[in-house]
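Worksheet: one structure, shown below.
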Amino acid sequence: MKPKLVVVGAAGRMGQRILSLAIESGRFDIVAAVERQNHPDIGKDAGLLAAAESINVKLDSSYPADADVTIDFSQPEAADKTIDYCAENSVSLVLGTTGLSDAQREKIEIVSKKIAVVYATNMSVGMNVLFSLVGKVASMLGEQYDIEIIEQHHRFKKDAPSGSALTLAENICKVTGRDFPGALIHGRSGKNTLRQKGSIGMHAIRAGDITGKHTILFSTLGETITFSHTAHSRDTFVRGALRAAEWLISKKSGLYSMADVLSIK
Ligand code: NAD
């Protein structure tokens, strides 16, 4: 039996690719394509909208009663409804929406006692390897190395800095004992912006149609180490999300990361 899949944010940039690759894979039974109530495409065939084939599922603002797993790439305002729906109907959840509040992150932890959840700010394999590496690198280099994170995204992205840039910083803080988010300095402007020891500089660029690029500099007097990850297309996140959805089906309740899904140590 194929897992019954609900896609939330189904008409969005990510939602469309989730639908398209889920249909192409033939591994899911798509039972709902959820969008905001006033979306102009409500009522249209979700498969055709995603430039794939008809799947006899219409774009709708309501969630179905019967499903196995939900993938949500929408907006923070929509995430609460998805989390509540999954908890109330015992549906596993893959949540990729970024810009969530602390209260929403706490809510995810609470519902994960009842259902299986993967929450990840970036679902690509490469970025998850980088998430795991940066803390180790920072701790090996020590406090003489200044750390700056520069992220680049398309002009339509609403939240800044990106969820992935925050996860990179959070992982570095965890391993090196820095305060998160207290150690972060967002951009610099003004006459007295001398670098604070132990701070992590965060810089968000928004331009054109850049899918996503993250660069981490470790720099001291005499040398710089640079790590950079570039997403060539959204499909790298989509493949990760679909992999997480299939992986979750056999899992008990709990809050899992992409590192768990991908077995990255
Ligand atoms: P988008 O704006 O193109 O799509 C979001 C969609 O959500 C829109 O179609 C919007 O109408 C819909 N939506 C809004 N309110 C809704 C509601 N109440 N119910 C259902 N749908 C609703 O954005 P996008 O580029 O597709 O990105 C979506 C989210 O995914 C963002 O938070 C982005 O940062 C995140 N993202 C995460 C990853 C990852 O790997 N975790 C990768 C890329 C993007």
Exercise for the section: Select the strands (runs of 3 or more DSSP E) contained entirely in segment 165-265, then report the ones holding at least 2 residues which are closer than 24 Å to VAL129 by Cβ. Expected result: 200-206, 213-220, 223-230, 254-256
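In segment 27-45, which residue that is closer than 21 Å to ARG243 by Cα and touching a strand residue (DSSP E or B) at 6+ places or on another chain (Cβ under 6 Å) is surrounded by the most Cβ atoms within 10 Å (Cβ to Cβ)? Steps first, please.
Taking segment 27-45 and keeping what is closer than 21 Å to ARG243 by Cα, we get 27-34.
After this cut, where a residue has to be touching a strand residue (DSSP E or B) at 6+ places or on another chain (Cβ under 6 Å) as well, the list is 28-34.
Values: PHE28: 23, ASP29: 15, ILE30: 23, VAL31: 19, ALA32: 22, ALA33: 29, VAL34: 26.
Ranking the candidates gives ALA33 first.
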Problem - Residue check for GLN37: within 23 Å of the chain's Cα centre (by Cα) and within 12 Å of the ligand (Cβ to nearest atom) - result: no
Exercise for the section: Say whether the condition of being modelled with pLDDT of 95 or more, away from the ligand (no atom under 13 Å from the Cβ), more than 20 Å from PHE227 (Cβ to Cβ) and out of contact with any helix residue (DSSP H, G or I) (no Cβ under 9 Å at 6 or more places or on another chain) is met by at least one residue in segment 201-213. Expected result: yes
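Within segment 25-32, identify whether any single residue is in a loop (DSSP other than H, G, I, E, B) and near the ligand (Cβ under 9 Å from one of its atoms), and answer yes or no.
Scanning segment 25-32, I find no residue that is in a loop (DSSP other than H, G, I, E, B) and near the ligand (Cβ under 9 Å from one of its atoms), so the answer is no.
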Exercise for the section: Report, ordered by the first and then the second residue, all pairs with beta carbons closer than 6 Å, sequence separation of six or more or different chains, a first member in segment 135-159 that is in contact (Cβ under 8 Å) with a residue 40 or more places away in the chain and part of a loop (DSSP other than H, G, I, E, B), and a second member that is crowded, with 17+ Cβ neighbours inside 10 Å and not β-branched (Val, Ile, Thr). Expected result: TYR145/PHE218; ASP159/GLY99
Practice task
Name the single residue, out of those in segment 89-118 being within 16 Å of the ligand (Cβ to nearest atom), at pLDDT 95 or above and of a type in the set (Val, Ile, Thr), that is surrounded by the fewest Cβ atoms within 10 Å (Cβ to Cβ).
Solution key: ILE108
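If you go through segment 134-162, how many residues are under 14 Å from the mean Cα position of the chain (by Cα) and over 11 Å from HIS214 (Cβ atoms)?
Quick first cut of segment 134-162, residues under 14 Å from the mean Cα position of the chain (by Cα) only: 153, 157-162.
Okay, now just the ones that are also over 11 Å from HIS214 (Cβ atoms), so 157-160.
Matching residues across segment 134-162 total 4.
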Problem - Subset of segment 56-71 that is of a type in the set (D, E, K, R) and surrounded by 13 or more Cβ atoms within 10 Å (Cβ to Cβ) - its residue that is nearest to ASP29 (Cα to Cα) - result: ASP68
Fill in the blank from the handout: Checked segment 118-159 for anything hydrophobic (A, V, I, L, M, F, W, C) and closer than 30 Å to TRP247 by Cα; matches are VAL118, ALA120, MET123, VAL125, MET127, VAL129, LEU130, PHE131, LEU133, VAL134, VAL137
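The values are calculated or read from the model by the stated rules, or taken from the named source; none is laboratory data. Since this is a predicted model, take the numbers as computed values, not measurements. All Cβ positions, even for glycine, are placed from backbone atoms using ideal geometry, and neighbour counts span all protein chains on display.
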